[in-house]
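Worksheet: one structure, shown below.
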């Protein structure tokens, strides 16, 4: 019999989470605690997230030690936790079953009537947040798992009823293939995570498999404007609804207005008006995210009025074109999570629509493999800003065995500079940012710590 987390939940047996403070792991821990399940875990550092879990009753050790798993009935791990981890080794010695985080979530999802899984190379967090707001407005009482803090739900998890589950769904290590969508959303498909995937064809194949998880009475929502996304759903025997910028798609906008980067438009589904939207988050890419959510929402029975209210109330999630504040001289500081060239281009394109004198972009590349694989694309993206300031590459799970550095990018971008520390970057920005400039910190690592240094 396949391993499932559900019997351990039902029997209230202790579950141990390795990397408990990580994205979606902390949400899983909170959900388990809400069900009265004893939870322990380990991580490298104490954070606000782990402190919250401790306050809720989790027993957390800030070191990976073999004895941490003793007495646990089940171990949950992430893809970042290797087999050599001392807790994994000890669990195997003791015969304690070990399962992946995504697999655990997949079993939990099967308890819900409708499961909306939002996937794509980029836009997942924002779209999941939009979908959350729409289903809340429709009084569907959704359970939500999202990858970044959403102020409307007070974090990354909302525990609701059994009618609807809204889940951010990541393709890295094929995690989303463990999920159980009734509605699968594919926002876009591009080259990324090339430390795991072989090439774009391998990525398209994974998204194809993801779409095929959808039951026959469910719905696949896909971006008509994205050739790779359309390839991913080719020849699948499922109901498909497309979204895009023209009436060639099933869901499309009319009466589109760009007001200083903020889009206003009417959503049409199969030629009929569904909602009038005035987004509070900037950028054309967010119009596409909203269209995708409308496609899913209408299928779930969300009234157009509720969809409209939910989208219009959404003001963004953490690190998605998030206003940090103003520098003493008046320069605006914004932080964004963009770390793939397409995301960066979308964010910089949005910034260009907002009438700043200059855009100064402090960018931190994320992982050596991504930097090497997409090097020309990173160079091209950074040419869109007025000046690029490069921080050292954020290693994440990698070692620099390929000899690539941020300074290599800086050499190819006219006027770009690179620094070894955030302090140097902050000093440079203080000296060079003008009163009506935008200072944009960008990347998936810890470059977001630079912004607060500037507004003090």
Next item on the list: Determine which member of the set 286, 223, 228 is at negative phi, under 23 Å from the mean Cα position of the chain (by Cα) and modelled with pLDDT under 95.
Entry: 286
Check: Conditions: (1) without any contact (Cβ under 8 Å) to a residue 60 or more places away in the chain; (2) crowded, with 23+ Cβ neighbours inside 10 Å; (3) within 26 Å of residue 140 (Cα to Cα). Residue 274 meets all but one. Number of the miss?
Finding: (2)
Next item on the list: Kindly establish whether residue 346 is touching a helix residue (DSSP H, G or I) at 6+ places or on another chain (Cβ under 9 Å) and in contact (Cβ under 8 Å) with a residue 12 or more places away in the chain.
Entry: yes
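When you scan segment 285-298, do you find a residue that is assigned by TED's automatic domain parsing to the domain that holds residue 165 and part of a strand (DSSP E or B), even just one?
no
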Next item on the list: For segment 198-219, indicate whether the set of residues that are at pLDDT below 95, not in a helix (DSSP H, G or I) and not assigned by TED's automatic domain parsing to the domain that holds residue 334 is non-empty.
Entry: yes
Next item on the list: Only residues that are surrounded by fewer than 20 Cβ atoms within 10 Å (Cβ to Cβ), touching a residue at least 24 places away in the same chain (Cβ under 8 Å) and over 27 Å from the mean Cα position of the chain (by Cα): list them for segment 424-445, please.
Entry: 428, 430, 432, 434, 435, 436
Item checked: Which listed residue is part of a helix (DSSP H, G or I), more than 25 Å from the chain's Cα centre (by Cα), more than 21 Å from residue 111 (Cβ to Cβ) and free of Cβ contacts under 8 Å to residues at least 12 places away in the same chain, from 55, 91 -> 55
Notebook entry, point to check: Which ones in segment 364-409 are without any contact (Cβ under 8 Å) to a residue 40 or more places away in the chain and crowded, with 20+ Cβ neighbours inside 10 Å?
Noted result: 368, 371, 378, 382, 388, 390, 393
Check: Conditions: (1) more than 30 Å from residue 299 (Cβ to Cβ); (2) part of a helix (DSSP H, G or I); (3) modelled with pLDDT of 95 or more; (4) touching a helix residue (DSSP H, G or I) at 6+ places or on another chain (Cβ under 9 Å). Residue 40 meets all but one. Number of the miss?
Finding: (2)
Item checked: Residue satisfying all of: in segment 302-315; in contact (Cβ under 8 Å) with a residue 40 or more places away in the chain and more than 22 Å from residue 154 (Cα to Cα); surrounded by the most Cβ atoms within 10 Å (Cβ to Cβ) among these -> 302
Notebook entry, point to check: What's the number of the condition residue 250 fails, among (1) touching a residue at least 12 places away in the same chain (Cβ under 8 Å); (2) within 29 Å of residue 374 (Cβ to Cβ)?
Noted result: (2)
Notebook entry, point to check: Residues of segment 324-382 being within 24 Å of residue 420 (Cα to Cα) and in a strand (DSSP E or B), which ones?
Noted result: 324, 332, 333, 334, 335, 336, 359, 360, 361, 362, 363, 366
Check: Quick one: residue 12 ticks every box in (1) without any contact (Cβ under 8 Å) to a residue 40 or more places away in the chain; (2) under 27 Å from the mean Cα position of the chain (by Cα) bar one, so which box is it?
Finding: (2)
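The values are calculated or read from the model by the stated rules, or taken from the named source; none is laboratory data. The structure presented is a predicted model; accordingly, all values stated were derived computationally and were not measured. Note that we place each Cβ from the backbone using ideal geometry, even for glycine, and neighbour counts take in every protein chain shown.
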